[in-house]
Amino acid sequence: MVLWVFGYGSLIWNPGFDFDEKILGFIKDFRRVFDLACIDHRGTPEHPARTCTLESEVGAVCWGIAFCVRGGIEKERATMQYLERRECEYDKKALVNFYKEGENNQPFLTDVLVFISTPDVIANRYYLGPAPLEEMARQIATANGPSGNNRDYLFKLERALFHIGHEEDLVTELSNEVRRVLAVLKDNTKTIGPHFALKPKLSLINTVPLLQGAAVLNSN
């Protein structure tokens with residue numbers, strides 16, 4: 001058997017598992033959104049980060065990387081165990097068709113595994129839901145966790161999409177807004193003084209109680 005996994009967030013630049021092949025391409029009828037809370041990698045339960053998940057949308061395209069794992073059942077099992085720990089905030093797995101760059105009509109691969117999340121705050125405790133661009137940027141600019149800060153996650157995704165030649169408007173616009181927020185916070189710190197800097201007031205949309213015991217790994 002062969003396992004194929006589609007990466008659309010941090011898996012693009014940091015898969016973290018032993019793979020045998022990777023292919024640039026896309027999946028159809030999904031778009032990348034920053035509606036998923038991360039409380040153990042790039043954020044905390046008190047101040048969740050915003051990370052990528054996929055939202056169904058007819059006609060949409062999401063670019064990323066398909067990773068191939070060969071070598072038998074044990075290697076595949078080890079890969080899945082790693083991914084299920086790392087992607088613990090995603091409550092669903094799906095099998096999708098994967099299209100190779102330049103071959104838009106016929107899938108290059110079928111039954112490619114992708115981690116996604118239920119877009120419902122009741123059914124999925126990690127789902128934050130959408131928010132205005134400015135509000136998401138304030139949250140991303142100030143969230144930090146054991147694996148690093150939220151803004152680096154976003155900026156690395158921006159760079160990864162640039163390097164594969166498929167920048168995305170939402171990622172670019174959100175990155176630029178985060179930079180603007182960071183500049184304002186820096187100016188406020190200089191004006192008020194390092195010991196009396198004002199903290200930005202965050203208003204999280206649809207934030208609900210979150211699990212607190214997940215393993216600390218690199219976030220997707």
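The values are calculated or read from the model by the stated rules, or taken from the named source; none is laboratory data. The structure displayed is predicted, hence computed values, not measured ones. Using ideal geometry, Cβ is built from the backbone for each residue, glycine included, and neighbour counts are taken over all protein chains shown.
Could you list, in sequence order, the residues of the stretch 159-188 that are surrounded by 17 or more Cβ atoms within 10 Å (Cβ to Cβ) and closer than 14 Å to Met136 by Cβ?
The answer is Val171, Leu174, Ser175, Glu177, Val178, Val181.
Regarding Val121, is this residue modelled with pLDDT under 95, over 20 Å from Glu84 (Cα atoms) and in contact with a Leu (Cβ under 9 Å, 6 or more places away or on another chain)?
yes
Give the residues of the stretch 32-67 that are within 19 Å of Phe155 (Cα to Cα) and free of Cβ contacts under 8 Å to residues at least 40 places away in the same chain, sorted by residue number.
None; the set is empty.
Please work out which residue is surrounded by the most Cβ atoms within 10 Å (Cβ to Cβ), limiting yourself to the stretch 97-133 and to residues that are among the aliphatic types (A, V, I, L, M) and closer than 21 Å to Ile164 by Cα.
The qualifying residue surrounded by the most Cβ atoms within 10 Å (Cβ to Cβ) is Val114.
Would you pick out the residues in the stretch 130-152 that are hydroxyl-bearing (Ser, Thr, Tyr) and either at pLDDT below 95 or at positive phi (or both)?
Ser147
Anything in the stretch 24-51 that is surrounded by 17 or more Cβ atoms within 10 Å (Cβ to Cβ) and among the hydrophobic types (A, V, I, L, M, F, W, C)? List them, or say none.
Residues satisfying the conditions are Phe26, Ile27, Phe30, Val33, Phe34, Leu36, Ala37, Cys38, Ile39, Ala49.
Could you tell me how many of the residues in the stretch 107-160 are touching a strand residue (DSSP E or B) at 6+ places or on another chain (Cβ under 8 Å) and without any contact (Cβ under 8 Å) to a residue 12 or more places away in the chain?
Total meeting the criteria: 2.
Residue check, Trp13 against (1) farther than 17 Å from Ala94 by Cα; (2) buried (at least 21 other Cβ atoms within 10 Å of the Cβ); (3) under 12 Å from the mean Cα position of the chain (by Cα), all met but one. Which one?
Of everything listed in (1) farther than 17 Å from Ala94 by Cα; (2) buried (at least 21 other Cβ atoms within 10 Å of the Cβ); (3) under 12 Å from the mean Cα position of the chain (by Cα), Trp13 misses just condition (2).
Which condition number does Glu76 fail, the rest of (1) in contact (Cβ under 8 Å) with a residue 40 or more places away in the chain; (2) surrounded by 16 or more Cβ atoms within 10 Å (Cβ to Cβ); (3) of a type outside the set (A, V, I, L, M) being met?
Going through the list (1) in contact (Cβ under 8 Å) with a residue 40 or more places away in the chain; (2) surrounded by 16 or more Cβ atoms within 10 Å (Cβ to Cβ); (3) of a type outside the set (A, V, I, L, M), Glu76 breaks only (2).
One line per residue, one yes/no per condition, for (1) of a type outside the set (Asp, Glu); (2) under 15 Å from Trp4 (Cβ atoms); (3) touching a helix residue (DSSP H, G or I) at 6+ places or on another chain (Cβ under 9 Å):
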{"site": "Lys75", "(1), (2), (3)": "yes, yes, no"}
{"site": "Glu89", "(1), (2), (3)": "no, no, no"}
{"site": "Glu103", "(1), (2), (3)": "no, no, no"}
{"site": "Asn124", "(1), (2), (3)": "yes, no, no"}
{"site": "His163", "(1), (2), (3)": "yes, no, no"}
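So, in the stretch 83-96, of the ones that are more than 22 Å from Ile164 (Cα to Cα) and among the hydrophobic types (A, V, I, L, M, F, W, C), which residue ends up surrounded by the most Cβ atoms within 10 Å (Cβ to Cβ)?
That would be Leu83.
Against the condition touching a Cys at 6+ places or on another chain (Cβ under 9 Å) and either modelled with pLDDT under 95 or loosely packed, with under 12 Cβ neighbours inside 10 Å (or both), how does Leu217 come out, does it pass?
yes
Does at least one position in the stretch 52-66 carry a residue that is touching a helix residue (DSSP H, G or I) at 6+ places or on another chain (Cβ under 9 Å), over 23 Å from Gly148 (Cβ atoms), modelled with pLDDT of 95 or more and crowded, with 16+ Cβ neighbours inside 10 Å?
Yes, the stretch 52-66 contains at least one residue that is touching a helix residue (DSSP H, G or I) at 6+ places or on another chain (Cβ under 9 Å), over 23 Å from Gly148 (Cβ atoms), modelled with pLDDT of 95 or more and crowded, with 16+ Cβ neighbours inside 10 Å.
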